[in-house]
Amino acid sequence: MRCVAPVLLSAIVAAPALAAPVPAVHSVMETGEALQPGEYLWAADGVAPGRLSIVVDLRRERLYVYRGGVEIGRTLIIYGADHKPTPTGSFPILEKDRDHVSNLYNAPMPYMLRLTWGGVAIHGSGEDVDSRYATHGCIGVPDEFAALLYAQAKKGDSVLVTRDWMPEVYGREGVQTASNN
């Protein structure tokens, strides 16, 4: 697993019109290259403390973390298989559990951030997080990223699960598919 060194780009961008609350974004990170499976960006140093806003883009298979409108984290994700889709919408973090084990699948879910009482959560999914894999509706991220997110996230922080998040900013990252990974 590797943390790619990001560069912050300041830009005022308008939030797309969605029914769910949308975080205001003022600054995003730039790497110059697409993230590879297991890689992530994390740059929280120097960003004012405050509540997190997390956005999951199912189309691009990315999770973005913002604090005060500044992007502090980004990674590739895995998400629900077709028969167990990840729900879209706005969710508060309901519960945190560092060493959670699924009571349905008896599977480890380290650094779990619960989004629904029906079992959907953001959690660590090992180092090999890429589109060859799927979950039972959860959002899986690399374990190292999950630990960083877990340390910063608070109960009540907002998670928006959507498709095609801010394409005018993140569109150049392309859409992840099994054929282009």
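Selection of region 104-117 for residues being open to solvent by 40 Å² or more (accessible area, probe 1.4 Å), at pLDDT 90 or above and assigned to a loop (DSSP other than H, G, I, E, B) yields only W117.
All conditions but one from (1) in a loop (DSSP other than H, G, I, E, B); (2) aromatic (F, W, Y); (3) open to solvent by less than 50 Å² (accessible area, probe 1.4 Å) apply to F91; the one that does not is (1).
Within region 122-140, residues that are among the aromatic types (F, W, Y) have Cβ atoms under 7 Å from residues that are modelled with pLDDT of 75 or more and open to solvent by less than 20 Å² (accessible area, probe 1.4 Å) in these pairs: Y133/I78, counting only partners at least 6 apart in sequence or on another chain. Can you name every residue in region 35-84 that is at pLDDT below 90, at negative phi and assigned to a loop (DSSP other than H, G, I, E, B)? Within region 35-84, L35, Q36, P37, Y79, A81, D82, H83, K84 meet the criteria.
Consider region 118-132 and keep the residues that are at pLDDT 85 or above and over 16 Å from the mean Cα position of the chain (by Cα). The one that is farthest from L41 (Cα to Cα) is G118. Considering region 20-34, the residues that are at pLDDT below 85, part of a loop (DSSP other than H, G, I, E, B) and more than 24 Å from S125 (Cα to Cα) include one that is least open to solvent (accessible area, probe 1.4 Å), namely A20. One residue stands out among those in region 165-181 that are at pLDDT below 90 and not in a helix (DSSP H, G or I): the one that is surrounded by the fewest Cβ atoms within 10 Å (Cβ to Cβ), which is S179. Within region 58-68, the presence of at least one residue that is open to solvent by 40 Å² or more (accessible area, probe 1.4 Å) and either closer than 17 Å to V169 by Cα or of a type outside the set (S, T, Y) (or both) is confirmed.
The values are calculated or read from the model by the stated rules, or taken from the named source; none is laboratory data. Not measured: the values here are computed from a predicted model. Note: ideal-geometry Cβ built from the backbone for every residue, glycine included; neighbour counts use all protein chains shown. The area values use the complete protein model at the heavy-atom level, side chains included, leaving out ligands, DNA and RNA. Shrake-Rupley method; radii C 1.70, N 1.55, O 1.52, S 1.80 Å.
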